[in-house]
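Only one structure is covered here, and it is reproduced in the block below.
The values are calculated or read from the model by the stated rules, or taken from the named source; none is laboratory data. No experiment lies behind these values; they were computed from the predicted model shown. Every residue, glycine among them, receives a Cβ derived from its backbone with ideal geometry; neighbour counts consider all protein chains shown. Surface accessibility is based on the protein's heavy atoms, side chains included, excluding ligands, DNA and RNA. Shrake-Rupley method; radii C 1.70, N 1.55, O 1.52, S 1.80 Å.
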Amino acid sequence: MNTKTKALVESAIMIALAVVLDMVKVWNMPYGGSVTLLSMLPIMLVSIRHGIGWGLGSAFCFACIQIITGGVFGWGLTPVMLIGSLLLDYIVAFTVIGLAGLFRKKGTSGIMAGIILVCVLRFLSHFAAGFILWANLEQFIAFGQEWVNRPVLYSLCYNGMYMLPETVFTAVAAVLLMNIPQTRKLMLSKA
């Protein structure tokens, strides 16, 4: 099979797997965001196996599917907030997952560094959206208390509540996969 065809087929399968895993919510936040059953990992594997070009393309497709399934259009946002949310909470936040293979040539430590990096970048995108887009609201009521005039702290806490567990689960799963000889060989082999 042609290398490009193989990469395309693997990418399509991994995007589909990521979408299915995204539907399995371990924990759902009230205003968007959730801890899923390793939904980022298949996209990261595309980037690790085939490079960041394929990874970014797959991640962008996954981001577009997130927009369709995420319900962002039902929130009653202003046009500026809608565009900002689409960009920061979806396009940027999910497309950066495709950078996981950035350090793949450095072996296991490079793969883990790439995985952690993209989780941090995704968090930063959601965090920025939280304090830029939602800062104009007079008050937030979440976690049983009011968050008046503290959008940075609110965004840090809110987005950290789901991105930290998501990052830990994804990193642990990647380490476990790396310890299985067959999957380790698959992850480290060139496509």
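Of Val120, Val19, Val46, Val9, all but one fail to be assigned to a helix (DSSP H, G or I), touching a Phe, Trp or Tyr at 6+ places or on another chain (Cβ under 6 Å) and not polar (S, T, N, Q); the exception is Val46.
Is there a residue being within 13 Å of the chain's Cα centre (by Cα) and open to solvent by 20 Å² or more (accessible area, probe 1.4 Å) anywhere in segment 79-88? Looking for residues that are within 13 Å of the chain's Cα centre (by Cα) and open to solvent by 20 Å² or more (accessible area, probe 1.4 Å), one finds at least one in segment 79-88, hence yes.
Of the set (1) touching a residue at least 40 places away in the same chain (Cβ under 8 Å); (2) surrounded by 14 or more Cβ atoms within 10 Å (Cβ to Cβ); (3) outside any helix (DSSP H, G or I), all apply to Cys61 but (3).
Note on segment 102-117: residues that are more than 14 Å from the chain's Cα centre (by Cα) and in a helix (DSSP H, G or I) total 11.
Each residue in segment 163-176 was checked for being open to solvent by 20 Å² or more (accessible area, probe 1.4 Å), farther than 26 Å from Ala128 by Cβ and in contact (Cβ under 8 Å) with a residue 60 or more places away in the chain, and 1 of them qualify. Among the residues of segment 89-140, those that are β-branched (Val, Ile, Thr), open to solvent by 10 Å² or more (accessible area, probe 1.4 Å) and either at pLDDT 95 or above or more than 22 Å from Cys157 (Cβ to Cβ) (or both) comprise Ile91, Val92, Thr95, Val96, Thr108, Ile116, Val120.
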